[in-house]
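**Q** Structure in structure tokens, see below.
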Amino acid sequence: MAELGRAALLVTLGLSAYALAGGGFAAWKGRRRLAQSARNALIASFFSTLVAAVVLVVGFLRDDFSLAYVAGHSSKALPTQYKLSAFWGGQEGSLLLWLLVLTGYAALAVWLARKRARDLVVWVTPVLAGIALGFTWLLVAVSSPFDVIPAPADGAGLNPSLQNPYMVVHPVALYLGYVGLAVPFAFAMGALLSRRIDERWIVTTRRWTIVAWTALGIGQLLGAHWAYQEVGWGGYYAWDPVENAALMPWLAATAFLHSVMIQEKRGMLRVWNVTLVSLAFCLSLFGTFLTRSGVVTSIHSFTKSSIGPWFLGFIVVAVVFAVGMIWLRLPQLRTTAKLESLVSREAAFLYNNLLLVALCLTILWGTAWPMVSEAVRGETMVVGRPYFDFFLRVFGLPLLLLMGIGPLVAWRRASLKGLLKTFAWPAGVALATGVILIAFGAGSSIPGLVAYSFSAFVLATIVHEFARGTAARRALTGEPVPTAFAQLIGRNRRRYGGYVVHAAIVLLAIGIVGSSAYDSVTEGRLAKGQSLAVGGYKVTYRSLGEREGPNATEVRAVLGVRRGGKDLGTVEAGKNAYSVEQQVSNEVGIRTDYLTGEDLFVIAEQVNDDGTVFFRVFTKPLVNLIWLAGLVFLLGSVITLWPDAREERRLATRYATARERSDSPATT
Amino acid sequence: MLAAALVVAAVVAVALPFLREPAPASDALHELDPAERRLLEAEEERDRALAALQELEADHRAGRISDEDYRAVVGSLRRDAAEALRTLDRLGADAATVRTSPLRAGTSDAEAKID
Amino acid sequence: MARKSSPARLVIALSVAAVLAIFLLYTSLAGGGTPSVSPRELPGKTGEVALAGRVVGTPTGDPHGAGMQFVVQDIDGANKHRVTVLYKGSVPDMFRPGRDVVVTGTQHANGVFLTKPGSMITKCPSKYQAADTPG
């Protein structure tokens, strides 16, 4: 089986090399059949990679421990779903997953675009092939999942912290996101290579970008939820380099999503857009490098492996290529359209972009600082939470406010009178909210109070927009409210889907602020019958029990929860001891109040021999809004992604008129 | 062996375009010539201008933009749209084919045969 | 009311300058981070550092009481130095002899490394590949 896997990857290597060389030559010299051949090679490379992936999956399912990778990440006792997810539990397997998603996306992209923009797509093939070649090379020559060893009796098992449902979805979602950014990048490079300055590449990749961005966002939320529930250190985001590795490309992609709207509406920012998408893609490569090479101290980091230098080289090539292409085409990309006013929607989008990129770059700096300082000063400096928290506030709060302002400011230029009229009511709501919150004690955190007020502002503008739009529609058509509402969204999917996404971000902000600025924590060692008081709750340690799970011994302390004299039931917290893997994992107890979104979070830090337990208890107000935000985010994305027949027709007419069709023998 | 079958399949996939058309009339990839490019850009300009006008009207109707602001901007937007349409007419007159359906349908048939 | 030149360039330049100013101000006030050192690099370092090393021997004491005492050793290189660490606070699940940890703290006069409570991070061991967490 291993030979089949290795052979399949070699086939992928050959195919992607051919697609790169042949595709590049075909694009350069304008050879139709060669271009089709290269495209076929790229599509075929997905199938050969799929074969390799299936071989590995079968190896896991069959407990084939002659495969070193399977032996290192699985065991006989491992439940089946975790045997499957063990596929991406280690470096080689996750590289294979990356390649599988990449070739899958690449095949789909060039297949869907085969009849359109031939001169553009013909360059997309070699760019995607080049990326695929890089990863295939790593898999074939440097880090192969098909290394063979004398089969041991049983495998080493999967790290217990990976044995949970999140392991099945979180990495896949992230990879769908990371890798997805390669498609708009390739199209952007294709546009530059084919000397096209029109927005064809943007129009073609708009949905790709949104899908990748959504997947990356959801993947991060899943990761945060995992950290919160399973890892159980009491939080959901630690500014760990690997967490930042996913956040940075997401921020760049968010900026990109907004700035392409300006190119669409005003024809401006062409150079900026190409730069942004390149930045997003290079950051996703960098993110993969950070996670896989262990160069930065992190709880997620791996052994300093040999792929580090290769990855770095890969990123350098991508950066040099992108910068080079942008530089070459700079004269053609410049436009005459100018920013007319500092108070306009274009300007608001510009500020949004500046803030997002500033945040992204400060996170990049903080994350890369250990590497940089080691290289430059010989001393590895590590940056802590306060740095990241500071810049999140400095850039994040204005961004939050802008979310409410941007969609309502007029294009080109907005008059001051118009602004006052538009924002008087939401500003009033925000002010009132602030005052009420101070009365409730929110003044204990000024950034928190500001964030809440801004959130109220944004939510007010969103509600107002929906209300006003529905009313305007009703005035026009006389439809009943639900119909008008649905029609409003249906006819303006991008706008109102965008509003829903903004609402999700606001919910996210409120959840984050509540659980970090207004949380409480208490800790102490308790004997049975003793209690701790935290944030209005009284938690009493009642009993300690032990039971045998499928592959671990589970120790649980049972605690009673009371608030304001009312009995709220019990919560369990403890530890699991895994026999095969010889490891202990923390199992936290969380009691969710669905009315307020608050969590009572209990960690049994240390179970002592005398039956006493050292507990750490948190209250996390509003934290569940974060998870709710994820659902709203998904909904908003789906709305914006939904196909719009009218828009499709308009675009089809435009591109047909410009005779952007196949190279039929009937022409010339 | 499966590996051999994989290699064969890969080679076939790659060779397919050459096998299907051993001696085509033209192997040239259609690239947009400068005229077509200008036409495309003009179309985008027109779409942008018309969309901006439409959005202004919709915003005005919905009450997002006051009468004053509307009046201040609508003139220049209308001028931009007229300009874009004029440019497009001028370029469109140079182009051989515009919207005549039979020719476009013929092109699609040819496309289908090639692929 | 056409403007002679686009204010965009000016705005961007000013904004970038503002961002840099905030950044430089922050780092000059808050410092450039904590140095990460190995046990052999520790002697002579004053101030707060992040000590990275491999746990050897058996830890003693109660991290939630008087403190847990353990020894860390250089991860690589010949001639491995050792440092005794006194740690209070939460201990991550992965902590055990043979694992790599990072603790933040200062070197005390008597040679013991006193840590900031709760500052321990563990890294997964090299030969136990299954400990890799996904990206």
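**Q** Specify which of the listed residues (A:L128, A:L174) is within 27 Å of the chain's Cα centre (by Cα), under 30 Å from A:L222 (Cβ atoms), at the interface with another protein chain (Cβ under 10 Å from one of its Cβ atoms) and not in a loop (DSSP other than H, G, I, E, B).
**A** Exactly one residue qualifies, and that residue is A:L174.
**Q** Those residues that are within 13 Å of chain A (Cβ to nearest Cβ), surrounded by 20 or more Cβ atoms within 10 Å (Cβ to Cβ), over 23 Å from A:I363 (Cβ atoms) and not hydroxyl-bearing (S, T, Y), I need them from segment C:38-56; list them, please.
**A** C:V49, C:L51, C:G53, C:R54, listed by residue number.
**Q** Quick check on segment A:133-143. Is at least one of its residues in contact (Cβ under 8 Å) with a residue 60 or more places away in the chain, under 21 Å from A:L84 (Cβ atoms) and in a helix (DSSP H, G or I)?
**A** There is at least one residue in segment A:133-143 that is in contact (Cβ under 8 Å) with a residue 60 or more places away in the chain, under 21 Å from A:L84 (Cβ atoms) and in a helix (DSSP H, G or I).
**Q** Which members of segment A:202-227 meet the condition of being touching a Gly at 6+ places or on another chain (Cβ under 7 Å), β-branched (V, I, T) and within 28 Å of A:L120 (Cβ to Cβ)?
**A** A:V211
**Q** Between C:I22, C:I75, which is outside any strand (DSSP E or B), surrounded by 13 or more Cβ atoms within 10 Å (Cβ to Cβ) and touching a strand residue (DSSP E or B) at 6+ places or on another chain (Cβ under 8 Å)?
**A** C:I75
The rows are residues; the columns are (1) surrounded by fewer than 22 Cβ atoms within 10 Å (Cβ to Cβ); (2) at pLDDT 90 or above; (3) closer than 25 Å to A:Y178 by Cα.
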position	(1), (2), (3)
A:G324	yes, yes, yes
A:L342	yes, no, no
A:T367	no, no, yes
A:R385	yes, no, yes
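**Q** What number of residues within segment B:57-78 satisfy the criterion of being touching a helix residue (DSSP H, G or I) at 6+ places or on another chain (Cβ under 6 Å), in contact (Cβ under 8 Å) with a residue 12 or more places away in the chain and within 20 Å of A:I262 (Cβ to Cβ)?
**A** 1
**Q** Quick check, is B:V7 more than 7 Å from chain A (Cβ to nearest Cβ), closer than 19 Å to A:S48 by Cβ and more than 30 Å from the chain's Cα centre (by Cα)?
**A** Against the criterion (more than 7 Å from chain A (Cβ to nearest Cβ), closer than 19 Å to A:S48 by Cβ and more than 30 Å from the chain's Cα centre (by Cα)), B:V7 does not qualify.
**Q** Return the residues of segment B:22-55 that are touching an Asp or Glu at 6+ places or on another chain (Cβ under 9 Å), touching a residue at least 12 places away in the same chain (Cβ under 8 Å) and either exposed (fewer than 15 other Cβ atoms within 10 Å of the Cβ) or not charged (D, E, K, R) (or both); say none if nothing qualifies.
**A** B:A35, B:L39, B:A49, B:A52, B:L53
**Q** OK, next. Within segment A:599-612, how many residues are within 12 Å of another protein chain (Cβ to nearest Cβ), surrounded by fewer than 23 Cβ atoms within 10 Å (Cβ to Cβ) and out of contact with any Lys or Arg (no Cβ under 6 Å at 6 or more places or on another chain)?
**A** The number of residues fulfilling the criteria is 5.
**Q** Right, something else. Does segment C:68-98 hold any residues that are out of contact with any Pro (no Cβ under 8 Å at 6 or more places or on another chain) and more than 26 Å from A:Q582 (Cβ to Cβ), and which are they?
**A** Once the filter is applied, which keeps residues that are out of contact with any Pro (no Cβ under 8 Å at 6 or more places or on another chain) and more than 26 Å from A:Q582 (Cβ to Cβ), segment C:68-98 yields C:G77, C:A78, C:N79, C:L86.
**Q** On the given criteria, is A:T570 more than 12 Å from every other protein chain (Cβ to nearest Cβ), in contact with a strand residue (DSSP E or B) (Cβ under 8 Å, 6 or more places away or on another chain) and more than 30 Å from B:D47 (Cα to Cα)?
**A** Yes; evaluated as a whole, the condition is true for this residue.
**Q** Additional query: Considering (1) buried (at least 19 other Cβ atoms within 10 Å of the Cβ); (2) within 14 Å of chain A (Cβ to nearest Cβ), say which one C:A66 fails and leave the rest.
**A** With respect to (1) buried (at least 19 other Cβ atoms within 10 Å of the Cβ); (2) within 14 Å of chain A (Cβ to nearest Cβ), C:A66 is out only on (1).
**Q** A further question follows. A:W123 passes all but one of (1) more than 26 Å from the chain's Cα centre (by Cα); (2) not in a helix (DSSP H, G or I); which number fails?
**A** So A:W123 meets the others, but not (2).
**Q** Would you mention how many residues in segment B:17-36 are within 7 Å of chain A (Cβ to nearest Cβ) and either under 24 Å from A:W201 (Cβ atoms) or not in a loop (DSSP other than H, G, I, E, B) (or both)?
**A** 8
**Q** Please indicate, with yes or no, whether at least one residue in segment C:84-97 is under 19 Å from the mean Cα position of the chain (by Cα), among the basic types (K, R) and within 27 Å of A:R525 (Cα to Cα).
**A** yes
**Q** What is the one condition in (1) away from chain C (no Cβ under 14 Å); (2) within 30 Å of C:P97 (Cα to Cα) that A:K620 does not satisfy?
**A** Exception for A:K620: condition (2).
**Q** If you scan segment A:424-443, which residues turn out to be in contact (Cβ under 8 Å) with a residue 24 or more places away in the chain and in contact with a Leu (Cβ under 7 Å, 6 or more places away or on another chain)?
**A** Scanning segment A:424-443 gives a single hit, A:A442.
**Q** Pull up segment B:38-68, narrow it to residues that are basic (K, R) and more than 7 Å from every other protein chain (Cβ to nearest Cβ), then point me to the one that is nearest to A:R413 (Cα to Cα).
**A** That would be B:R46.
**Q** Against the conditions (1) under 18 Å from A:P426 (Cβ atoms); (2) among the charged types (D, E, K, R); (3) at the interface with chain C (Cβ under 10 Å from one of its Cβ atoms), where does A:R345 fall short? Just the number, please.
**A** With respect to (1) under 18 Å from A:P426 (Cβ atoms); (2) among the charged types (D, E, K, R); (3) at the interface with chain C (Cβ under 10 Å from one of its Cβ atoms), A:R345 is out only on (3).
**Q** Also: Considering only segment A:190-236, how many residues are assigned to a loop (DSSP other than H, G, I, E, B), of a type in the set (F, W, Y) and under 26 Å from A:V638 (Cα atoms)?
**A** 1
The values are calculated or read from the model by the stated rules, or taken from the named source; none is laboratory data. Just so it is clear, the model here is predicted, and its values are computed rather than measured. Note that each Cβ is placed from the backbone with ideal geometry, even for glycine, and that neighbours are counted across all protein chains shown.
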